[in-house]
Amino acid sequence: MVEKSINYPGIFDEIAAKLPGIANHGQVASYIPELANVDPDKFGMHLINYQGEHFSLGASDEKFSIQSIAKVLALTLAYSAEEETLWQRVGVEPSGNPFNSLVQLEYEQGIPRNPFINAGALLVSDILVSHLKAPKEDLLAFTRKLCGREDIHFNAKVAESEKRTSYNNAALINLMKSYGNIKNDIDVVLDFYFNLCSIEMTCRELAQSFAFLANYGVNPLNNEQVVSASKAKRINAIMQLCGFYDEAGEFSFKVGLPGKSGVGGGVIAVYPGKFSIALWSPKLNSKGNSYKAIEVLEFLTTKTQLSIF
Ligand code: DON
């Protein structure tokens, strides 16, 4: 077998040339009113390889709302806090349903299918509220350390905007509470969850923050073991199977990497041992995932044959 050498500058140049011709279908998320104000034509992309080289394109240094991508950071923290009982309270199976769906939760007795659908992320938020001294501050400190930057913040307007329209998430958490799977006050957990989703980052910061998942659990910035290699494998496996909700199969089929999306239009993907990459394009397809980010990532992995499969 031969390992391919990869010409990252070449492929980035090729994508830059192709970009204007790639369709930008879909709609910017509007169910959180504050997200509807984003320029739909923004595009950014940033890759960090195992040698620590950076490659970027477009608005890769512009902050955007990372939304559900932050669910991976929350899971990483919760996995360290409650490894004994975590997988009794949340599953690791794809849901095959939209991210905000309520239906499975009733017939599966309040145990969410996985940590990335909203029900699962609310459950993970409950665990963090139980275990962290100052949950919101601790989450920010964790994220800042991962990406080596201090200017990582919540967007209060986005969190507030989501709180005002939180009927669906309130229904999910109430149902789980009725089954005894939520231990804390519902409003405290929801507040944590809305702030979690409101974190703003650039593509560069996101790619850096997720580099530990491409590096067997070790943060390449400071060589700290964030989670064990085995846990990093498991988090990547859940991203592979559940990171794009009812489009997870399609994303695997097209791109072939573990990844996670957010309704802010962000996509993160990792190739263990090779690279982490973040993309941002705000228009979403009908499954709530960035249309153009997935198109570009598919082009990149197809062209370079850089897929884990
Ligand atoms: O709970 C929500 O609706 C959002 N804060 C997060 C949703 C999200 O990003 C789903 N991912 N594509």
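The values are calculated or read from the model by the stated rules, or taken from the named source; none is laboratory data. Just so you know, these numbers come straight off a predicted model, no measurement behind them. Cβ sites come from the backbone with ideal geometry, for glycine too, and all protein chains shown count toward neighbours.
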(request) Kindly indicate whether any position in region 65-81 is surrounded by fewer than 18 Cβ atoms within 10 Å (Cβ to Cβ), within 16 Å of the ligand (Cβ to nearest atom), among the hydroxyl-bearing types (Ser, Thr, Tyr) and touching a residue at least 40 places away in the same chain (Cβ under 8 Å). (result) no
(request) Scan the helices (runs of 4 or more DSSP H) fully inside region 108-216 and keep the ones with 2 or more residues being touching a Lys or Arg at 6+ places or on another chain (Cβ under 7 Å). (result) 118-131, 186-197
(message) Suppose the filter is of a type outside the set (Ser, Thr, Tyr) and either buried (at least 24 other Cβ atoms within 10 Å of the Cβ) or in contact (Cβ under 8 Å) with a residue 12 or more places away in the chain (or both); does Asn219 pass it?
(response) yes
(request) Those residues that are among the β-branched types (Val, Ile, Thr) and more than 11 Å from the ligand (Cβ to nearest atom), I need them from region 223-264; list them, please. (result) Val226, Val227, Ile235, Ile238, Val255
(request) Starting from region 100-122, take each residue that is within 14 Å of Thr76 (Cα to Cα) and list its partners that are in a loop (DSSP other than H, G, I, E, B) and charged (D, E, K, R), counting only C-beta distances under 9 angstrom and pairs at least six apart or across chains. (result) Asn114/Glu93; Gly120/Arg113
(request) Those residues that are over 23 Å from Ala29 (Cβ atoms) and not charged (D, E, K, R), I need them from region 105-122; list them, please. (result) Tyr107, Gln109, Gly110, Ile111
(request) Six or more apart or on different chains, Cβ under 8 Å: which pairs go from a residue in region 23-43 that's within 12 Å of Ser161 (Cα to Cα) and polar (S, T, N, Q) to one that's more than 13 Å from the ligand (Cβ to nearest atom) and modelled with pLDDT under 95? Could you list them? (result) Ser30/Ala36
